[in-house]
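What follows is a single structure, written as structure tokens, with notes after it.
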Amino acid sequence: MPTKSKKRKGSAPLAAIVLAAGKGTRMKTRRAKVLHRVCGRPMVYFPVKRALEAGADPVVVVVGHQADEVEAELRAALPDAPLRFARQERQLGTAHAVLAAKGCLRGHTGPVMILSGDTPLLTTHTLASVVDARTSPQSLAFATMDLENPEGYGRVVHAPGKGPALIVEEKDATPEERQIREVNAGLYVADSGFLWSTLARVDAKNAQREFYLTDLVALAADGPGAVAVRVSPVEAQGVNDQEDLSLAVRAMTRRIAASLMESGVTLEDPERFDADEGVVVGPDTIIEPCVRLRGATRIGSGCVIGQGAILSDTTVGDGVEILPYCHFDRARIGDRCRVGPFSRLRPEASLAEEVHVGNFVELKKTSMGKRSKAGHLTYLGDATVGADVNVGCGTITCNYDGERKHPTVIGDGVFVGSDSILVAPISIGKGAYVAAGSTLTESVPAGALALGRSRQVNKAGWARKRASSKISGKGH
Ligand code: UD1
Ligand code: CA
């Protein structure tokens, strides 16, 4: 999990460049690759966040494809971060992309870390290890990894007895070079003086006619020196296609699951658990399989989250029991509530302590006071429900007249009989009773009994009369 931002005392300040201008053709989507979601965040958020945590200031993001969206998403997710955005109008290669960031780093003289927007799994620790690996302030350090299947990656060629000599891209590699399993992970730390003077010398004389950032390695090996730092392939795998994306999402989810378990949360099956980056769960909470926690969801301690629940941007107190298959979106649930199975809490549903909401109950923009209950088959919208209220099975607030929404207010201690229709705007005074099957269009005073239904008529002997009329052929 993320570590705290690291102040690099005594050493030259670090800046970072994150490359995120490409389209990501191999994804086969309209959406730019770096905007695809990993645990609730656009993929590019992670390298940017990790660079910030490693102490980089500023972090320059090179944008091009869907530039406005990439910039807007990052600014929204990291509002106070020292971010700068550089445009690369045409994507002529990774070296060309880094050069696009030069203007944003005028005046910066220390080391520059370069990351790809498509490697979301790198940790702050790994970034720091590459920063620290440089043998002199002028030398270049870059991350490599050993892959069973190195296909698609740049191969790292070593000079016998010396360090790395060059990186050769797959399309330019000889059959022998393609056998090399040590590949370029796409993470570099370079001195800014070396970087800008060297990039000016990179050309596009290669199979793809692109300006390759990887050419830096050969130029550093001939000059100030290059160091290859082996990092974990689990962290450094890039996302290039949909399968890679699914693997990155799983790996990130596992990491979130591990950190939750570390903090005392029981996950009955971490492989069947999904959580967005940033969700909070208290200790002694048990999470059953197939639960999905999204956005800014926060769950207290000592809760049980039943199988199949999907919670988005929802706050859950302590000791709450959520029975299986609930769907909550922007809801608040107080301590010791019991909700579900099959309950739906929509935005601004708010439950005080010890509330019970049962199966097939939907709440929208509705608050329920302490110990109130809505056990079965109910819709409450735009309603304010007091404490100790019993909302009977099948109750419906008619909050919408086709044009506007209207409020329903139900006082403390009210008993609403089953199958009641409450036509809003309406209020039911404290301690009142609503008879089962009522349709109420007028407010009810405190303590009253409201009967909103026609009186029952029993016709004695009717069934026998009907039967005899059938036999004689009369009537129907
Ligand atoms: C690159 C490396 C390769 C390495 C791999 C690691 C080069 C030439 N190759 O290949 O050695 O093994 O990463 O993951 O650098 N981008 C831009 N502008 C451009 C081109 C790319 O911003 O003009 C961005 C992309 O949006 C992406 C990142 O740079 O986020 C990497 O580009 P990509 O095309 O995925 O490079 P690879 O082919 O994976
Ligand atoms: Ca890539």
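What follows draws every value from the coordinates through simple rules; no lab data is involved. From a predicted model like this one, the values you see are computed outputs, not experimental measurements. Positions of Cβ are backbone-derived with ideal geometry, glycine not excepted, and every protein chain shown enters the neighbour counts.
Couplings 3J(HN,Hα) of region 237-253, computed from phi: 4, x, 9, 10, 9, 4, 5, 4, 4, 4, 5, 5, 4, 5, 4, 5, 5 Hz, in residue order, whole Hz [Karplus 6.51 cos²θ - 1.76 cosθ + 1.60, θ = phi - 60°; x for Gly and Pro].
Region 46-101 has equivalent-ellipsoid semi-axes of 20, 14, 8 Å, by the square roots of 5 times the alpha carbon gyration tensor eigenvalues, sorted largest first. At an R0 of 56 angstrom, the distance between the Cβ atoms of ARG209 and ARG272 translates into a FRET efficiency of 0.75. Taking the charge dipole of region 266-450 about its Cα centre, with +1 at Lys and Arg Cβ atoms and -1 at Asp and Glu Cβ atoms, the residue from LEU422, THR384, ILE322 reaching farthest to the positive side is LEU422. Here the chain carries DSSP beta bridges of which approximately 15% are antiparallel, counting only pairs with both residues inside. Within the shell defined by Cβ-Cβ distances under 13 Å, the residues around ARG201 carry a net charge of -2, with Lys and Arg each +1 and Asp and Glu each -1. For region 238-265 versus region 163-233, the spacing of their alpha-carbon centroids is 29 Å.
Farthest towards the positive end of the charge dipole of region 14-236, among the residues LEU105, VAL70, PRO58, is the Cα of VAL70, using unit charges on the Cβ of Lys, Arg, Asp and Glu.
Each peptide among 115-124, 276-285, 410-419 gets the average number of other Cβ atoms lying within 10 Å of its residues, and from highest to lowest they stand as 115-124, 410-419, 276-285. In whole percent, what relative contact order does the chain give with Cα contacts below 8 Å and a gap of six or more residues? Relative contact order of the chain: 8 percent.
Determine the relative contact order of region 71-172: mean sequence separation of Cα pairs under 8 Å and six or more apart, normalised by residue count, in whole percent.
12 percent
Taking a point 7 Å from the Cα of GLU321 along the Cα-to-Cβ direction, the residues of region 338-360 with backbone N closer than 11 Å to it are 338-341. Averaging 1/r across all pairs of distinct Cα atoms in region 278-420 and inverting the result yields a Kirkwood radius of 14.8 Å.
Sorting 429-438, 54-63 by average packing, meaning the other beta carbons within 10 Å per residue, from highest down gives 54-63, 429-438. Would you be so kind as to identify which of SER301, ALA190, ALA248 lies farthest towards the positive end of the dipole of the chain, taking Lys and Arg as +1 and Asp and Glu as -1 on Cβ and the Cα centre as origin? Going by the charge dipole, the pick is SER301. Dipole size of the chain about its Cα centre, with +1 on Lys/Arg Cβ and -1 on Asp/Glu Cβ: approximately 1900 debye, rounded to the nearest 20. Summary of packing: across the peptides 305-314, 42-51, the per-residue average of other C-beta atoms within 10 Å ranks them, highest first, as 42-51, 305-314. Its residues counted as N, the chain yields a C-alpha radius of gyration over 2.2 N^0.38 Å of 1.38.
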